[in-house]
Amino acid sequence: MSLLRQPLLLLARSAAVKKMVSTMPVSAGIVRSYVPGETTESAVEATAGLADDRLLVTLDYLGEDTLDADQADATVAAYVDLLHQLSARGLTRSAEVSVKLSAVGQFLPDNGHKIALENARTICRAARNAGTTVTLDMEDHTTTDSTLSILRELRKDFPETGAVLQAMLHRTEADCRSLAHEGSRVRLCKGAYLEPEDVAFQDRLEIDRSYVRCLKVLLAGDGYPMIATHDPRMVEIATSLASRYGRVPGSYEFQMLYGIRPEEQRRLAERGERMRVYVPYGTEWYGYLMRRLAERPQNLSFFVRSLISKK
Ligand SMILES: Cc1cc2nc3c(=O)[nH]c(=O)nc-3n(C[C@H](O)[C@H](O)[C@H](O)COP(=O)(O)OP(=O)(O)OC[C@H]3O[C@@H](n4cnc5c(N)ncnc54)[C@H](O)[C@@H]3O)c2cc1C
C-alpha cells in the first residue's frame, strides 16, 4: 500500500483541512477531473453526454457523515429533484442513483438508523416513480451491519435496490454468498476507506485475491453482479469468469468512476459489455476527492498546484 494512503484517508475526515480545501472552486483542475459540476443541471448534462456514448450512469449527490437533520432532508430533496430532471430528459433508462446512508442521517444521534431508512425509502420511491433504481454505497466497516440491515428492509418494498460490498473486508466473501440470490444487485469494489487489520486485508495482493474469490461467488450465483474496478487484471479475470459461468451479456455489468480510464469505459461498451459510470456531483466533493487521491498519490502534486493557484 502507498505510504501516502493512510495520511490522505485520515485527512478525508478532517474538518479543518476540509474547510481550507473546499474554498477551491470545482473548476479547479483536479476537482473537475473527478466531478463534472456542482449543480443538478451539470450532473444531468454529464449523464446525457455519457448516454450518447452508450454508457450507463449512476449518480451520487456528494455529501457524507452528516450530523444535521436539515442537511439530511436537503440531500433527500436533491435526489428527488435529480430523479425528476433525469426523467424529464428521458434519461432514467440509462441512469440510476447511488446513495450514502451517512448523508441521509445514519449518524444522527437519535434514531439515525431509522431516519436513514425512511429517507432512503423516499429516494427509492422517487426512483421507482421515475423508472429507475437506487444503489446504497458502502462506507467504512462500522456502518456495514446497519447498511445491510437497511438494505434488507428496503428490499421488502423495493427489491431492485442495489448493495455494495468491499473486497478488503474479511467478512465480504460471506456477505457475497448471502447476497448472490436472484434479483439481487451487488456492486463489488475493493474498498476506499482506512480500515483496521482486525477487519480488513491491508496488503494489495490479498485484497485482489479476495476480490477474485468474491467475483467467483457473485458470477456463479443467481444475482446481478456489478463489477466496480479500474484494475485491468480484475476486468480481464471478471470477463473470463463471466464466460466460465455461462453469464450472457446483460446479466452483469462493469462500473468505473467518472474521469478514471474513460477510454477503457468506452472500449468495454463498444465490445458489447454493459458499462456504468459513477458520476458524483455537488459542492461536498472534499471526502470523495481525498479518497481518489489516496488511490492515486501521483496526482498529489497536481492537487497541491490547484490549491495554491486556486483557479
Ligand atoms: C463505480 C464505483 C463505485 C464505488 N463505490 C464504492 C463504495 O460504495 N464504497 C467504497 O468503499 N468504495 C467504492 N468504490 C471505490 C473502490 O472501492 C476503490 O477504492 C477504487 O475503485 C479503486 O480501486 P480499483 O479497483 O480501481 O483498483 P486500484 O488497484 O486502486 O487501481 C487500479 C488502476 O486503476 C487506475 N486508478 C485507480 N484509481 C485511480 C484514480 N483515483 N485516478 C486515476 N486512475 C486511477 C490506475 O490505473 C490503477 O493502477 C467504488 C468504485 C467504483 C468504480
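The values are calculated or read from the model by the stated rules, or taken from the named source; none is laboratory data. All figures in this text were calculated on a predicted structure; none of them were measured in a lab. Every residue, glycine among them, receives a Cβ derived from its backbone with ideal geometry; neighbour counts consider all protein chains shown. Note: accessible area is taken over every heavy atom of the protein model, side chains too, but ligands, DNA and RNA are not part of it. Shrake-Rupley method; radii C 1.70, N 1.55, O 1.52, S 1.80 Å.
The set of residues from region 199-214 being of a type in the set (Val, Ile, Thr), assigned to a helix (DSSP H, G or I) and within 20 Å of GLN6 (Cα to Cα) comprises just one member, ILE207.
Residues in region 89-110: is at least one in a helix (DSSP H, G or I), away from the ligand (no atom under 16 Å from the Cβ) and not polar (S, T, N, Q)?
Residues of region 89-110 in a helix (DSSP H, G or I): 101-103.
Now restrict to residues that are away from the ligand (no atom under 16 Å from the Cβ): none.
Within region 89-110, none of the residues are in a helix (DSSP H, G or I), away from the ligand (no atom under 16 Å from the Cβ) and not polar (S, T, N, Q).
Inside region 177-205, can you point out the residues that are in contact with a Pro (Cβ under 7 Å, 6 or more places away or on another chain) and open to solvent by 80 Å² or more (accessible area, probe 1.4 Å)? Within region 177-205, none qualify.
Test ALA72 against the criterion of being out of contact with any Lys or Arg (no Cβ under 9 Å at 6 or more places or on another chain), within 22 Å of LEU154 (Cα to Cα) and open to solvent by less than 20 Å² (accessible area, probe 1.4 Å), and give yes or no. Spelling it out, ALA72 is indeed out of contact with any Lys or Arg (no Cβ under 9 Å at 6 or more places or on another chain), within 22 Å of LEU154 (Cα to Cα) and open to solvent by less than 20 Å² (accessible area, probe 1.4 Å).
Picking from residues in region 215-234 that are in a loop (DSSP other than H, G, I, E, B) and open to solvent by less than 40 Å² (accessible area, probe 1.4 Å), the one that is farthest from the ligand (Cβ to nearest atom) is GLY221. Please tell me if GLU64 is over 30 Å from PRO196 (Cβ atoms) and open to solvent by 40 Å² or more (accessible area, probe 1.4 Å). No: the conditions fail for GLU64. Applying the criterion of being open to solvent by 10 Å² or more (accessible area, probe 1.4 Å) and modelled with pLDDT under 95 to the residues of region 273-286, the residue that is nearest to the ligand (Cβ to nearest atom) is GLU284. Does THR147 meet the test of being open to solvent by 50 Å² or more (accessible area, probe 1.4 Å), part of a helix (DSSP H, G or I) and not charged (D, E, K, R)? No, not satisfied. Residues in region 100-116 that are surrounded by 21 or more Cβ atoms within 10 Å (Cβ to Cβ) and touching a helix residue (DSSP H, G or I) at 6+ places or on another chain (Cβ under 6 Å): LEU101, ALA103, VAL104, GLY105, GLN106, ALA116.
Residues that are touching an Asp or Glu at 6+ places or on another chain (Cβ under 7 Å), away from the ligand (no atom under 16 Å from the Cβ) and of a type in the set (A, V, I, L, M, F, W, C) do occur in region 116-126, at least one of them. A Cβ distance below 6 Å, combined with a sequence gap of six or more or placement on separate chains, defines the contacts here; from region 44-55, residues that are of a type outside the set (Val, Ile, Thr) reach residues that are open to solvent by 20 Å² or more (accessible area, probe 1.4 Å) and not in a helix (DSSP H, G or I) in the pairs ALA51/SER94. Of all residues in region 40-61 being touching a helix residue (DSSP H, G or I) at 6+ places or on another chain (Cβ under 6 Å) and in a helix (DSSP H, G or I), which is surrounded by the most Cβ atoms within 10 Å (Cβ to Cβ)? Step by step, filter region 40-61, then rank; the result is VAL44.
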